[in-house]
Each structure stands twice: as C-alpha cells, then as structure tokens.
Amino acid sequence: METLLMRTSHEREPIADRDRPSPDAGTRLLVADSWRRSLAAGVDPDLRSAPLVFDADTVAGVRQSHPLNRHLPMLRETLRGMADVSCHLMAVTDAEGHVLWSEGPRAVRRRAEDIGLVEGFRWTEDSIGTNGIGTALSVGGPVYIESTEHLVNALRPWSCVAAPITDPDTGQVIGCVDISGTQGTMHPAVIALVQAAARLTEAQLTLEMNLRDARLRDRYLRHLHGDARVLVTATGRVLAADPDGWCGSRVAVPEAGHRLSLPDGRAAVAEVLGQAFVLRTVEEDRRSLLLRFLGDEQPCAFLDRRRISLSLRRAELLALLALHPRGLTCEQSSFHLYGDEGNPVTVRSEIHRLRTQLGDVVRGKPYRLDCDVDADFLAVRRLLGAGDVAGAVRLYRGPLLPRSESAAIRGERTDLDTTLRRQLLHHGDVDDLWAYAQTGDDLEILGRLTATLPPGDPRRVAAQLREHRAMGDG
C-alpha cells in the first residue's frame, strides 16, 4: 500500500505542445517506465480516445464466456455503491485490457464515453498510453495514476486506480478492475477498496478451484496405481501424488503421450483422463508414442513429441498394435485388418515402412510396440469405462480412422461410437450433447438438443437448422 500511495513531490506541467514528451525528474519510477513503454509503442499524446475493438454483440459474447462474469455481482456490490456516491466509474476488463463492463453515474459515464472508457474499447499501454488499467496489466500489480501522470492529454482530467485479477488455477492474469474519476485525486479509501475487490474475487476463484479439484480427485484418484503416481489438472497443478509432498506443485502443462519431468526429476508420460492427467513414471531411455486417429484429419503419431504423418494403412496397423499390446503375428495382423482376403506380405511391407518412420519401437516376432503407447481412441474408451461421459465427449473429435475399411478398425470404430452415444444419451448434459454434435449431424442428438435447449439459446437455432438439413427439409 505504501508503494501504491507513493507520490511525486510536484506535479508536471502540461506538455501538449511537445512532439516527444518525456517524464521529468520528479516523476515516479513506475510512471516514468510506463511512459517509456507507451512511447516505444508509438502512442501519440494527442490521441482523443482509446481504440474501439469490440462491437456490442462481440462484447456480449466475450462477457458470457469470461470467468469474471459470474463474479460481477460481488464486484458491483463492493465498488458500485462507492462509485455512485463519489461520482466515479467502475470498469472491469479482460486480460487484454478490453473493457467488458463499465458502470457509474450517468454524467460520469457520458464523459467516459468521450475517451472510450466504456465497453468494447481497449485500454492497454500500447493503445492509449499510461493509465490505471493498462499499467496495472503491464506491471502485474495495483496501480494509481493521477491526472497529469497520464501520457495522453485527453486523459488528464481523470485519475484512476486499478488492480489486476489473477486466476489461481493457471496463475495468469484474467482481468482488471478499475475505478476512475475526474476529481483530481483519489481518496486512499478508494485505493484500498479496489485492491480488496480484486483480492475478494481471487478468493472466490480459489474456492471454485478447490471445489473442482475435489471433484477431480473423487473421479480420478482410483487411477493412481502401479506406475501411475501423479494426478494433475489440465493446467499442470498437482492434485494427488506419491509422495504427498508434491501436492500444490506445478508441472509443465501435460500433453497426452508426451514426456515431462516430475518435481523430483523423474521422467513421466501423461495419460489423459478428460479434465485431468495421470502421469506415469517411466525409464529415462524409454520412448513414448502418441496416436491421434479420431476425426477426419490426417492420422498422425507423436514419437517423443516429434510429429509423424501416417498413411491410412500404417495408421490401421498402429491402431491394431495399440489394441493388442502383447503383440500379433504377421498372419494374425493380416486377418484382423483385412480378413480372409488379407495378404501377410502386405503387412510385412507396411511393418518395414513403419520401422523406417518410427525406428526400433516397432518390434517383430511378434509384431508389437516397444514403448509407452497412448492413443486418443484408447483414452476415450478409458473415460467411458470410468463413467466420465463429459471427459470422453470432449476428447472425441470424430470416428476412429473414418476412411478405413479394415474389419478390425470398423469394429472398434462402431463399438466406440455406440458406447459413447449410449452413455451420452443416458447421462450427458446439454453441453456434452452439443460437444458431440460438432462431430457430425446425428439426428437423435440434434433432436435432443432442440428439445432441451431454451428458446433464447443460439445453439438451439443451429441445432434446428442442422436437423432440418440432415432430414432433407432445408
């Protein structure tokens, strides 16, 4: 607080006539640094307003999905009453400085519109120079900017105090809360209140995070067995581990099938579980292979994080080996893939080409994968087996190798899709149904969405149009 309240010993004189303004010797270091950043970004001190970035419809959409949306009532309760009485404006932005909400007395709001301190305008330092919002986002802490400390002359009638809000889950700033007014100086109580509002919001975000963590532990803790020792969130926070001392640590955000280092230095491979990961410890020299075969995209593999594009035949063979980790003979592989008409010579040729691409992770006698293997279709099946429909549907990008005519792949594809749809229709919520609908025009799923979504939800209209088109009526 003492740092925040620190003031220059004398105010600067207006500098509108200077082509290249610079802070004088009495300027606070925080403000001087902000001026330098702003000028380096090419900000013109004679700007009249912050730039408009979002129209009204875009602002409404960003608000709806922004994590601060549900906390606005608390911010309003903490700050709005003071803003009304004191003729101040409250503004809340996203992490990029876009104003998403602004509230205050009508007269103050009219003046704020002149400089763009309302919804849809961008208030970063590189857009409008030194200001409470932009400078708070730049330094990552609370900031008080008094009138003449603004670089842009049009902002000089205003003083403002702002504090960034950090998401405890990701550790990233997600927005900023600001109080601005035209009364020259800001009362110390206002400064303290803005800081308190930001901290209260972070406390609420922490509470929500803890509740999510508890649900994830309840759902996935049983997966910590054998060499699966660490449960982490999708943001890399350790939820459960052996030893317990790791809890609260953070690791690099995992990616399924990729290797990373645990807090004690051991190597581990990430196994996706929908909304979390299990990290399995592995030998340092053991390789990892991740297969991505769901959906219409080009099938590919990641060998020790190196992306490898695959032909359909080689993808079919890898999918088969992933489904049979103990291995298959050449004849068995040929039969599984192509039935009685299969030719073992074809399989031998493809195995040779696979070895050219993947090296010695492809073994013979029997054919098998000698590495840590994971695949998107295997992860979906694991999640369905654990009853995690939401996690499964979010990983499911479409059918398994949809262009494949292989008997084994067709069977796995049909079984996976049937199991997912059955669990989805019995246990999925509307968001799960909508996520699945993005993989194709399934009439039963679209019909369920049309019947379930409220009339004002734009997804309902989209589902109706797609349902009519799929039925041949549109």
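The values are calculated or read from the model by the stated rules, or taken from the named source; none is laboratory data. Quick caveat: nothing in here was measured; it's all calculated off a predicted structure. Positions of Cβ are generated from backbone atoms using ideal geometry, with glycine treated the same way; all protein chains shown enter the neighbour counts. Heavy atoms of the whole protein, side chains included, go into the accessibility calculation; ligands, DNA and RNA do not. Shrake-Rupley method; radii C 1.70, N 1.55, O 1.52, S 1.80 Å.
Some notes on this structure:
- Note that the range 246-355 shows a convex hull volume over its alpha carbon atoms of 128 Å³ per residue.
- Projected-area average for the range 327-404 over all orientations - Cα convex hull basis, square nanometres: 6.5 nm²
- Accessible-area ranking of Asp370, Asp178, largest first, probe 1.4 Å: Asp370, Asp178
- Label corresponding to semi-axes √(5λ) of the Cα gyration tensor in Å when calculated from the structure given, among [x] 54, 26, 21; [y] 54, 31, 23; [z] 38, 25, 21: [x]
- Protection proxy ranking, peptides 158-168, 295-305, 263-273, average beta carbon neighbours within 10 Å, highest first: 158-168, 263-273, 295-305
- When the Cα positions of Ala214, Leu89, His426 are compared along the charge dipole of the chain, His426 comes out farthest toward the positive end, with charges on each C-beta of Lys, Arg, Asp and Glu.
- By accessible area, using a 1.4 Å probe on protein heavy atoms only, the range 394-472 has 52% of its surface on carbon and sulfur.
- Adding -39500 (n - 2.57) for every DSSP H run of four residues or longer, then dividing by how many residues the chain holds, sets the calculated 222 nm ellipticity at -13000 deg cm²/dmol.
- If the segment from Val173 to Arg305 were pulled out straight at 0.36 nm per residue, it would be longer than the present Cα-Cα gap by 44.6 nm.
- Computing FRET efficiency as 1/(1 + (r/R0)^6) for Asp114 and Asp360, where r is the C-beta to C-beta distance and R0 is 45 Å, gives about 0.05.
- Charge dipole (the chain, unit charges on Cβ, about Cα centre) - positive-most of Ser406, Leu137, Leu443: Ser406
- Surrounding net charge for Ile351, when Lys and Arg each add one and Asp and Glu each subtract one, Cβ distance under 14 Å: +3
- Environment charge of Leu425, counting only residues whose C-beta is closer than 15 Å and scoring Lys/Arg +1, Asp/Glu -1: -3
- Rounded to two decimals, the Cα radius of gyration of the range 385-474 over 2.2 N^0.38 Å is 1.14.
- Placing +1 on the Cβ of every Lys and Arg and -1 on the Cβ of every Asp and Glu, with no other charges, gives the chain a dipole of roughly 860 debye about its Cα centre.
- The alpha-carbon atoms of the range 88-196 define a convex hull whose volume equals 89 cubic angstrom per residue.
- Between Ser127, Thr182, Leu155, the Cα set farthest toward the positive side of the dipole of the range 61-217 (charges on each charged residue's Cβ, about the Cα centre) is that of Thr182.
- Principal axis dimensions, largest first and in whole angstrom, of the range 128-251 by Cα: 65, 24, 20
- Range of Cα positions in the range 56-148 per principal axis (Å), largest first: 32, 29, 25
- Three semi-axes of the equivalent ellipsoid, the range 315-474, Cα gyration tensor, whole Å, largest first: 38, 17, 12
- Globularity index of the range 276-330, i.e. its alpha-carbon radius of gyration over 2.2 N^0.38 Å: 1.27
- At full extension, Arg326 and Asp296 could sit 7.9 nm farther apart than now, given 0.36 nm per residue minus the alpha carbon distance.
- Chain lengthening between Ser49 and Arg266 when straightened (0.36 nm per residue, less Cα-Cα): 72.8 nm
- The Cα atoms of the range 171-237 cover 65, 17, 13 Å along the three principal axes, with the biggest extent listed first.
- Entry comment: accessible area of the range 263-355 is 48 Å² per residue, from protein heavy atoms only and a probe of 1.4 Å.
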